[in-house]
Each structure stands twice: as C-alpha cells, then as structure tokens.
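Asks: After the structure tokens below, expect a handful of questions from me.
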Amino acid sequence: MLENPLYSIRMRAAEGGPHEQGGRHISGGERLARESEVQLLVAELLTKSMGHSRGNADFIQVVVEKMPYAEVYVPPLPVATEGGHQVDVCRAKALNLLVESGVSRAAAELGLNELQQSEDLRGAIIMDAVTGTRLDKREQKGVRVSRMDWDASSHEEWVKIHVPLGSLRVREALALATKVAYSPYTLAELCWSDDPDYVTGYVASDKLGYRRIPHLKKLGESTGGRVFFVQPGLDVDEYIHYLEKTPIWIGWEGGRP
Ligand code: PML
Ligand code: MG
C-alpha cells in the first residue's frame, strides 16, 4: 500500500450521446489528487462540463483511478504573451514560432490548416515535424494528454507572479503544454481552443516556452484543438504512452522554485 496515494481524475463530456457513439465533444478535464481532495475535484470537473459554451452535455463521464507510480515534478514553461489583433497576423506569428522551434514551414502550415478545419477533435494530432504527416491513427479521437496537474502550492506561488493568468483555463493549458514539451520527442505544440468564446491560443516548446497569441481565430468559431510536432522516426506508441499514462506534477517539490 502506498502511504499517500495519488489519484488521477479524468472527465469527458459530449452532446448527443457518448463520443464513441457519435456525440459531439463538449469538454474534458484532467486532475491529479491526494485522497482528501478527490471529492472536491470531481465536483469541479462536473461544474466545468455543465453550462459550457460549446453546448449542453448529455453524456458526462468522470473516472477516478489510484496511481501506482512514483512522483515527478516538472517546472512550468516560462510564459510570454505576444501582441496582435488580426487573425492572419497572429497565425503568421504562430507559424514563425513553430519554425523557430525547429518545425519545417510545410509542416507548420499543415498543422495550422488542420486546426482551422477541426470542429470536433477530442484529443491532439501528432504530426511529423518535417513532413507534416499525421502519425497517430486516432482520427477525431486524437491523443488525450492525461495524468498531469499543478502541485497546488506551486500554482499559488506561480499565480502571485502571473496575476492576470490565474484562470482555470490557463492553469490547465500550461500544465498540459509543460508535460508535452518535457518529452524529448516534442519539438513544438500549436493550440487554440475549440470554445467559440475563446480566441487566444499558443505555441509552446522547450526552446521558446509558452507563447500566448491573442487572436488565433475569430470569435464565434468552434474550430480548434492541438497539434504536437515531433521528431521524425520516434516510437509513436511509446510517445503516446508517455502522454496518456505518465503522471507529472507541474511545479516544484515543496511548492517553490
Ligand atoms: C483551451 O481552452 O482548450 C485551450 C486554451 C489555450 C490558451 C490558454 C491561454 O493561455 O490563454
Ligand atoms: Mg475547451
């Protein structure tokens, strides 16, 4: 028996039935918890899934699992926010940041096009950073990054020095981006939300950090999702296993840098 067991809590919500029966993806969420926090975090994820801007979920699944693993702490990527109000200017900025991170221009363009066309992508697309070939075979399901969360006191410390970025949305996105960038096989990530009322996205990489870009789509559009650009020749199954299964705390052991 572990003395202080860790739990993974995962939520997914859809409208029109479960995702695997054709339901439209509404929302998802990931938390890690100590035993005493599980009930509270389950309630938080339920709240997130209901009254969502993408629609009214009629299928909500919450899974709670005890984790048998050792704990790994990874500090959050440094954050910067770019300027720019027009979508085409912001997309060009995203393209340049991807190229600076080591992605080929052709693959970066393909990645941007994928997100522009995706309205119902549940997880991420894994793309070869040179050729732009999609490497996962998951179609609309994509690859869902799981089993990561902020260490609570590390997040408190972080918010003190990033006051405007205290939202749940940024908290979750930065945790995910940090886990993804921590893999040596990731060159960069491109993301913008599929929520019609949220237009800020980001490019993240180990090299450049988490670079927020204010207008990656027009308000009211439900397109969006995530693309992970990866080193050619990697073992895709091993990479997916890391993203889905390896538990990672974001922050610092002891709660401070
Ligand atoms: C999402 O909500 O699904 C992704 C949000 C990405 C941007 C968050 C931010 O830094 O503002
Ligand atoms: Mg969302």
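Asks: Inside region 199-234, can you point out the residues that are within 13 Å of ligand 1 (Cβ to nearest atom), more than 17 Å from Glu82 (Cα to Cα) and open to solvent by 50 Å² or more (accessible area, probe 1.4 Å)?
Replies: Arg226
Asks: Tyr182 - would you say it is within 10 Å of ligand 1 (Cβ to nearest atom) and in contact (Cβ under 8 Å) with a residue 12 or more places away in the chain?
Replies: no
Asks: Another question, if that's okay. Mind checking whether some residue in region 187-194 is part of a strand (DSSP E or B), more than 16 Å from ligand 2 (Cβ to nearest atom) and open to solvent by 10 Å² or more (accessible area, probe 1.4 Å)? Walk me through it before giving the result.
Replies: From region 187-194, those part of a strand (DSSP E or B) are 187-192; that's our starting set.
Next cut, more than 16 Å from ligand 2 (Cβ to nearest atom) only: 187-188.
This time we only want the ones that are open to solvent by 10 Å² or more (accessible area, probe 1.4 Å), so: 187.
Yes, region 187-194 has at least one match.
Asks: Identify, by number, the condition in (1) away from ligand 1 (no atom under 15 Å from the Cβ); (2) open to solvent by 20 Å² or more (accessible area, probe 1.4 Å) that Ile248 doesn't meet.
Replies: Here Ile248 clears every test but (2).
Asks: Please tell me if Asp136 is more than 25 Å from Gly255 (Cα to Cα) and more than 12 Å from the chain's Cα centre (by Cα).
Replies: Working: more than 25 Å from Gly255 (Cα to Cα): yes; more than 12 Å from the chain's Cα centre (by Cα): yes.
Judged against the criteria, Asp136 is a match.
Asks: Going through region 103-123 one residue at a time, which ones are more than 22 Å from Arg144 (Cα to Cα) and crowded, with 17+ Cβ neighbours inside 10 Å?
Replies: Ser104
Asks: All but one of (1) farther than 22 Å from Asp237 by Cβ; (2) under 16 Å from the mean Cα position of the chain (by Cα); (3) away from ligand 2 (no atom under 13 Å from the Cβ); (4) of a type in the set (Ser, Thr, Tyr) hold for Tyr198, so report the exception by its number.
Replies: (3)
The values are calculated or read from the model by the stated rules, or taken from the named source; none is laboratory data. In this text the structure is predicted, and so the values were computed from the model without any measurement. Note that we place each Cβ from the backbone using ideal geometry, even for glycine, and neighbour counts take in every protein chain shown. Accessible surface areas use protein heavy atoms only, side chains included; no ligands, DNA or RNA. Shrake-Rupley method; radii C 1.70, N 1.55, O 1.52, S 1.80 Å.
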